[in-house]
2 protein chains.
Amino acid sequence: MYYCSQCGSKQLIKKVPEGDTRSRIVCEKCHSIHYQNPKIVTGCLPIWEDKVLLCKRAIEPRSGFWTLPAGYMEKDESVKEGAIRETWEEAGANVKQLQLYLIVSSSQKSVSMIFLGQLCDLKFAPGIESLDVQLFTKEEIPWEEISFRFVREALTYYFEDRVKNQFPVRVD
Amino acid sequence: MYYCSQCGSKQLIKKVPEGDTRSRIVCEKCHSIHYQNPKIVTGCLPIWEDKVLLCKRAIEPRSGFWTLPAGYMEKDESVKEGAIRETWEEAGANVKQLQLYLIVSSSQKSVSMIFLGQLCDLKFAPGIESLDVQLFTKEEIPWEEISFRFVREALTYYFEDRVKNQFPVRVD
């Protein structure tokens, strides 16, 4: 952010506004406060029998690494609808019976909310942000080529929980 | 948003960028795309024995109506830490044993994430955004003076679930 989106001034400074406790980007000309809050990344761990569906990223960051279908939530959808949409867009797959599984606030920029979802059928294909889409058993997961921490966490928890057939929601 | 925060131009239009499916605010001068995504409101339903703690809002919107301590998540905290912070800031109360309870995507601007939390003690007091803070039994809840839909939903679900002593996570 280089210019105030309210008045167009370049007089942006970082300071703690009166009555606040945190440093914000403030416009010295029009006094607008530009809050920066984490965005929501919503996604899905698609399941088929003893396998899970992963996408190989076609875009940076972490291009070429395996991920879960996930992306920024849009304004015109619920978190769950966003997870279904991302699974369709990135993996060409339809999922059903979504249940919230994991919330990770590890990044300052976003909170990842991951659902478990059952694949409706065996139709899947890479979207424009994916190089490949594949089903993996636990033993086949390419652990050395996983894109992000939340993906690793979701997969690790899932294969642990599957032994007990209990899938509690985990929130950090 | 009246000016591009990247180049200061006023040439902002709404259009569907190439490769996208949704209308965005795009700068015609520098071609920046200004995505607008929902923010996270994190909050708590503080519990003491058969009572819940509500805050009377001192600020608009819905000034004078009763709410749960809740507010925008900050970048330097987890969702759960944000709920604890908001409970302290708005109700002067300490909560523990937080468990995720409700996620509501009802507004285009935000997703509300509400935790159940146990009050650590009977110390509470209105913060600067509250006119009053009070404990209410189910019968005492001022249903006609509730601020927002997510507050009404959280309270309704909670008193229903308490009968069964089971508090499943609800996600819309």
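The values are calculated or read from the model by the stated rules, or taken from the named source; none is laboratory data. Treat the numbers as computed from the prediction; the structure is a model and nothing was measured. Glycine gets a Cβ as well: all are built from the backbone with ideal geometry, and neighbour counts include every protein chain shown. Areas reflect the complete protein model, heavy atoms only, side chains present, ligands, DNA and RNA absent. Shrake-Rupley method; radii C 1.70, N 1.55, O 1.52, S 1.80 Å.
Numbers below:
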item	result
Residue match in segment A:134-147 (condition: under 15 Å from the mean Cα position of the chain (by Cα) and either within 10 Å of another protein chain (Cβ to nearest Cβ) or not aliphatic (A, V, I, L, M) (or both))	yes
Near pairs, Cβ below 6 angstrom, 6+ apart or cross-chain, from segment B:63-83 (more than 7 Å from chain A (Cβ to nearest Cβ)) to any residue that is assigned to a loop (DSSP other than H, G, I, E, B)	B:Phe65/B:Ser147; B:Trp66/B:Pro142; B:Thr67/B:Ser147; B:Gly82/B:Met73
Number of positions in segment B:1-22 that are at pLDDT 95 or above and either more than 14 Å from chain A (Cβ to nearest Cβ) or open to solvent by 60 Å² or more (accessible area, probe 1.4 Å) (or both)	8
Count of residues meeting criterion [more than 30 Å from B:Glu90 (Cβ to Cβ) and either away from chain A (no Cβ under 14 Å) or touching a helix residue (DSSP H, G or I) at 6+ places or on another chain (Cβ under 9 Å) (or both)] in segment B:23-62	2
Every residue from segment A:114-172 that is in contact with a Ser or Thr (Cβ under 7 Å, 6 or more places away or on another chain) and of a type in the set (Lys, Arg)	A:Arg149
Selection status of A:Cys44, assigned to a loop (DSSP other than H, G, I, E, B), surrounded by 24 or more Cβ atoms within 10 Å (Cβ to Cβ) and not acidic (Asp, Glu)	no
Subset of segment A:51-109 that is part of a loop (DSSP other than H, G, I, E, B), within 20 Å of B:Lys109 (Cβ to Cβ) and basic (Lys, Arg) - its residue that is least open to solvent (accessible area, probe 1.4 Å)	A:Lys75
Boolean, B:Glu139 is in a helix (DSSP H, G or I), under 17 Å from B:Arg62 (Cβ atoms) and not hydrophobic (A, V, I, L, M, F, W, C)	no
Pick from segment A:142-172, criterion of a type in the set (S, T, N, Q) and either part of a loop (DSSP other than H, G, I, E, B) or in contact (Cβ under 8 Å) with a residue 40 or more places away in the chain (or both), ranking: nearest to A:Ser105 (Cα to Cα)	A:Ser147
Boolean, A:Leu135 is touching a Phe, Trp or Tyr at 6+ places or on another chain (Cβ under 8 Å), open to solvent by 20 Å² or more (accessible area, probe 1.4 Å) and touching a residue at least 24 places away in the same chain (Cβ under 8 Å)	yes
Residue that is most open to solvent (accessible area, probe 1.4 Å), among those in segment B:110-130 that are within 10 Å of chain A (Cβ to nearest Cβ) and in contact with a Cys (Cβ under 9 Å, 6 or more places away or on another chain)	B:Glu129
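Yes/no matrix, rows are residues, columns are (1) in the same structural domain as A:Lys96 (by TED's automatic domain parsing); (2) free of Cβ contacts under 8 Å to residues at least 24 places away in the same chain; (3) farther than 20 Å from A:Val111 by Cα:
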residue: A:Cys7; (1), (2), (3): no, no, yes
residue: A:Lys15; (1), (2), (3): no, yes, yes
residue: A:Gly19; (1), (2), (3): no, yes, yes
residue: A:Lys29; (1), (2), (3): no, no, yes
residue: A:Gly43; (1), (2), (3): yes, no, no
